[in-house]
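Take a look at the structure below.
Readers should treat all values here as calculations from the given coordinates under stated rules, not as data from a laboratory. Fair warning: this is a prediction, and the values are worked out from it, not measured in the lab. Heads up, the Cβs are rebuilt from the backbone with ideal geometry, glycines too, and the neighbour counts pull from every protein chain shown.
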Amino acid sequence: MSLYTTPPKMPPAASAPPAETPSDTLAETLAEGVEDLRAQVLEILRDADDAPDSLAHLDDLQLPEFHAADLANLLASLPEEPRLELATWLQPRLDDWADMLTYLDGHPRTQILNALPDSQLSDLLLEVDSDDALDLVEDIDPDRREKVFADLPLQARSYLAEGLTFEEDSAGRLMQRESVALPIFWTVGRTLDFLREQQDIPEDFFVVFVVDPANRPVGIVRAARLLVSRRSVKIADIIEQEPIRPIQANMDREDVAYLFRQYSLVSAPVVDEAGRLIGSITLDDVMEVIEEESDDDLMRMGGVFEAAGDDPLRVTIVRRLAWLGVNMFTAIAASIVIVVFETMIERLVALAVIMPILASMGGNAGTQALTVTTRDLTRKRLVGAAARRAIFSEIIIALINGMVFAVVVAAGIYFWYDRADLALIGATAMVLTMVCAGISGVLTPLILNWLDMDPAAASGVIVTTITDITAFAGILGLAFWLIS
């Protein structure tokens, strides 16, 4: 059992949404409320620069009555200096100050944590669950960690130190040390008595892990089943019959999310290399992983390698400049094709009109195939024969779509320019572009995944470059071959 303890709290009544608020506008309503609150807070803090007594007006806003998540959104929306001022004002007035920091992430949380004294940081780490504590420790300046750890109890210190040894995206970083484990020969009555006597069990738990004498998990008992069973019933009689799925501490967190989604888990034990229980992962942690991975993939596909919305402006500018530079060089590669056929374009200006249409259609087709393939890779659906079926399917889809739009393009070219040869060239180039787009859209993420590279990070620019080059080279090459 962990030394971490978190007394249960009732959510503040003020944080509940109004009953009359329609569910489809709840998010917008809450966001607007935070934005209005932000304006009022900034006005009070600006006045406080000239008249420090005006900070008393913050009491009128009743900020401590708000939910910790809403206060975290408020702090994240403020500029750096006002954010630190408000955090300093909130700290002695907010009962769930530590929980509020767990809702923050990125630069805002790092800024607030690094402004706290070492002793306050130590107290903070003891107020939250062990998985949240480890998450906070990652944002503390490495040079200060040793001083912060010195004020912690031995067990808490060892848990955090061990947690930092796991890979950043592993189950070991995700798990919480608090878990309930019991031997298989106990009864329900003895289990309930044991739970009542404990001071450091998890605040919320849905299952109890059953372990053998070597502390290896052999099954689970759901908390609801414990509550409805007679005291004399043996744990061995109500243990889950389905196989337990222990998670290795070094397992990638994306694989953890896959297991939870695939087998509808609400909690799973985490084991060390010897198979001994060392912690647990719950559904709420996995939901955060799924959201973070989804956001990360979306950002990477757009060329933003970090979710940098809360980062300083200069950091965001540098990151985007680097990616835009890569895109510029790929655009130059596509432009070289045009330069090679420059004479052909001068002779037949109509080609310059058709080229953007082909490139746009190919880009969209490639993005469609890329999006579907990346999603299926994330869900572990493209393995062995499934990958071959996906490639064949995308080729057929691209071929049929290419033929449909080839007819449309040919008809438009013939109607506008009254040239059958040019219409044939445009139609052929459309089919060629769409097929190459589909093939590149499915093969690029598969190859990158096979090379242990992130498909979302580089697939987009590769597919776009291939489709642009195919579109330009296809129509210009065909025109050079058939017309010149």
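Using the Cβ-Cβ distance between Lys380 and Asn215 with R0 set to 22 Å, the FRET efficiency from 1/(1 + (r/R0)^6) comes to roughly 0.15.
Whole-Hz Karplus values for the range 272-278 come out as 8, 4, 8, x, 7, 5, 10 Hz, taken residue by residue from phi with 6.51 cos²θ - 1.76 cosθ + 1.60 and θ = phi - 60°; glycine and proline positions read x. For the range 107-120, 3J(HN,Hα) computed residue by residue from phi via the Karplus equation (6.51, -1.76, 1.60; θ = phi - 60°) reads 4, x, 5, 4, 4, 5, 4, 6, 8, 8, x, 4, 5, 5 Hz, glycine and proline entered as x. Backbone amide hydrogens, once placed in the peptide plane, bring Gln248 within less than 5 Å of Val271, excluding anything fewer than 5 places away on its chain. Once the Cβ-Cβ distance of Glu35 and Glu293 is raised to the sixth power relative to R0 = 25 Å, the FRET efficiency obtained is 0.35.
Between Val233 and Val188, Gly189, the built amide H atoms are under 5 Å apart, and every one of these is 5 or more places off in sequence or on another chain.
Coupling constants for the range 280-288 follow from the phi torsions by the Karplus curve (6.51 cos²θ - 1.76 cosθ + 1.60, θ = phi - 60°), and in residue order they are 8, 10, 10, 4, 5, 5, 5, 4, 5 Hz; glycine and proline get x.
Label reach from Val353 (point 7 Å along Cα→C-beta): in the range 409-436, amide nitrogens under 11 Å belong to 412-419. If a paramagnetic tag sat 7 Å from the Cα of Tyr263 along the Cα-Cβ line, which residues of the range 153-175 would have the backbone N under 20 Å from that point? Under 20 Å, as judged by backbone N against the label point of Tyr263, lie 170-175 of the range 153-175. Between Gln248 and Glu80, the modelled labels are 4.2 nm apart [label points 7 Å from Cα along Cα→Cβ]. Listed peptides 254-267, 361-374 appear in the order 361-374, 254-267 once ranked by packing, highest mean of other Cβ atoms within 10 Å at the front. Extension gain, Ala224 to Glu65: 0.36 nm times the residue separation minus the Cα-Cα distance gives 54.0 nm.
Annotation for the range 139-173 versus the range 202-227: alpha-carbon center distance of 27 Å. Sorted on the mean count of surrounding Cβ atoms within 10 Å across their residues, most packed first, peptides 98-107, 425-434 read 425-434, 98-107. When only Cα pairs below 8 angstrom with a gap of at least 6 residues are kept, the range 403-451 shows a relative contact order of 35 percent.
Remark on the range 402-484: hydrodynamic radius 13.8 angstrom, per the Kirkwood mean of 1/r across alpha carbon pairs. Using 1/(1 + (r/R0)^6) with R0 = 56 angstrom and r between the beta carbons of Ile336 and Asp141, what's the FRET efficiency to the nearest 0.05? Computed FRET efficiency for Ile336 and Asp141 comes out at 0.70.
In this structure the amide hydrogen of Val211, modeled in the peptide plane, comes within under 5 Å of the amide hydrogens of Leu182, Ile184, Val218, none closer than 5 places in sequence on its chain.
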